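Take a look at the structure set out below.
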Amino acid sequence: MKKVVVASVLAVATGVAYYLPAALALDDDQSQGAQSSQITIKDPAEYNAYTNAVGQSAPAAKAAAIEQFLTQYPNSVVKEEMLEQLMAAYEQAGNADKELDAANRLLAVNPNNLRALTIVIYIEKKASGDQTKLDDAAAKAKTALSAPKPPTLSDADYQKLKGATTPIFEDAIAVDAVAKKDYKTAIDAYTAELKAYSDPTQTQAGPGLLATYNLGNAYVQQDTKDLVNGVWFLTRAAQFAPAGYKDQIEKAAEYWYKKYHCAQADTACQTNLDGYAAIQALAKTNLFPPDSYKPVAAPPPPSPQDLAHQAVTSTPDLKTLALADKEFILANGSPDDAGKVWAVLKDVTAEVPGTVISATADSVLLAVSDDAKQSQKADFTINMKTPLKEVPTAGAQVKFDGTFDSYTQNPLMIILKDGEAPAAAKKTPARRPVHHPSGM
């Protein structure tokens, strides 16, 4: 009867350096089996096959010997250890496909084996465009994050192991979420990844730097954008990005900072980026935003009601306003401002051009403003003085004379009475429209 020490080789450096960042390296004595248990191999022939396999020095020869051992002894008490060593041998031989296969075989034996999970997750999360693999990597990452501590591993070594692998697991969850445009989940996972790095310098290069950049992007890609956090993490990434990427990331951070901090009409702010240099300095020395990071938001743009009021108060004679401007004020102005404009329109006869939305012999619904035409919704109703002999079809470009009779503000509908085709009535052409922020 022979005894063999089972040393589970979850050492990230020795097992998966071919795939994983060197920063995740652990020494051999930090592996899953650092506190090994005694397992008895009762069959002398099996023990000899075991010692022969693990004693091979050449990776290819060792892999072949382990494969032969597993074929001959498929239910061996050292099966899990042998599969771990098989993964390491294939990694050292540079055979990625075989290493992945060995990892999956090991997970069939022990679904919580952290080394196998790390290999599969790391490889599958790189399969951009393959949602099935990304989903599987994310699912396995969640399993790995909640996997129990191996009984053969000390608490200290387990914490080192978790510190090395947790960023990989969180990143896999984040990558999968981004592919699904689930930015909230991605933000949570990237944040957890960054917090898992024991040394902030780990976020200044490699996977940690990429996670910082991806976190910033996730914040600005949400439907409801968080520009404060987005600007911070993009700026942080730009401070440490390699030369070939630094300018591109910096420009993205500046773009979103302008969106948050500068009014559109403030060309000085747009050019000088007031306050941004201080953010760069903070981001270089802080991974997460400190309390002193308080960028000032741009003043909100004037509301449609504000614009309508400005038009009314800045126009001495409201009759000189273009029809598009009058319509904008009727639609968006306060009751007082809208009332002032309606007072100069009521009972006035004018020519109204527009696109037919629908028509009968007695009434034509027109889209007159550019917004109404784009949305294909009527904003004018022309009630005919006498029934039309030829009813215009939808989409036709027409002009009608009519007398302003009434209106509703929400939804806007301006109603004219005594409508006639221009040739049949005295024409009072509408004034030429001027450019307006609403597009009308």
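Worth a mention:
Conditions (1) outside the structural domain of S334 (by TED's automatic domain parsing); (2) at pLDDT 95 or above; (3) under 20 Å from G333 (Cβ atoms); (4) surrounded by 15 or more Cβ atoms within 10 Å (Cβ to Cβ), marked per residue:
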| site | (1), (2), (3), (4) |
| --- | --- |
| S375 | no, no, no, no |
| D379 | no, yes, yes, yes |
| T403 | no, yes, no, yes |
| G439 | yes, no, yes, no |
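- For the stretch 298-313, a residue qualifies if it is surrounded by 12 or more Cβ atoms within 10 Å (Cβ to Cβ) and over 18 Å from G333 (Cα atoms), and exactly one does: A298.
- When we screen T408, T403, T355, T349 for residues that are among the polar types (S, T, N, Q) and without any contact (Cβ under 8 Å) to a residue 40 or more places away in the chain, the only hit is T408.
- Pair list, Cβ under 7 Å, 6 or more apart: the stretch 306-324 residue in the same structural domain as D379 (by TED's automatic domain parsing), other residue aromatic (F, W, Y): A308/F328
- Helices (runs of 4 or more DSSP H) within the stretch 89-154 that include 1 or more residues surrounded by fewer than 18 Cβ atoms within 10 Å (Cβ to Cβ): 96-109, 131-145
- Any pair with Cβ under 6 angstrom, 6 or more apart, that starts in the stretch 248-272 at a residue that is among the polar types (S, T, N, Q) and ends at one that is in a helix (DSSP H, G or I): Q270/K258
To keep it simple, each residue is scored yes or no on (1) buried (at least 20 other Cβ atoms within 10 Å of the Cβ); (2) closer than 29 Å to H309 by Cα; (3) in contact with a Lys or Arg (Cβ under 6 Å, 6 or more places away or on another chain).
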site	(1), (2), (3)
L323	yes, yes, no
A361	no, no, no
D371	no, yes, no
K385	no, no, no
S406	no, yes, no
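- The stretch 108-151, residues that are of a type in the set (K, R), closer than 17 Å to Y190 by Cα and touching a residue at least 12 places away in the same chain (Cβ under 8 Å): K125, K140, K142
- Of all residues making up the stretch 135-167, the number that are among the β-branched types (V, I, T) and over 14 Å from S198 (Cβ atoms): 2
- Every test in (1) of a type in the set (S, T, Y); (2) without any contact (Cβ under 8 Å) to a residue 24 or more places away in the chain; (3) within 20 Å of L287 (Cβ to Cβ) is passed by Y158 save one, and that test is (3).
- Verdict on V344 being buried (at least 21 other Cβ atoms within 10 Å of the Cβ), more than 44 Å from the chain's Cα centre (by Cα) and closer than 26 Å to K399 by Cβ: no
The values are calculated or read from the model by the stated rules, or taken from the named source; none is laboratory data. Note that this is a predicted model, so its numbers are computed, not measured. Cβ sites come from the backbone with ideal geometry, for glycine too, and all protein chains shown count toward neighbours.
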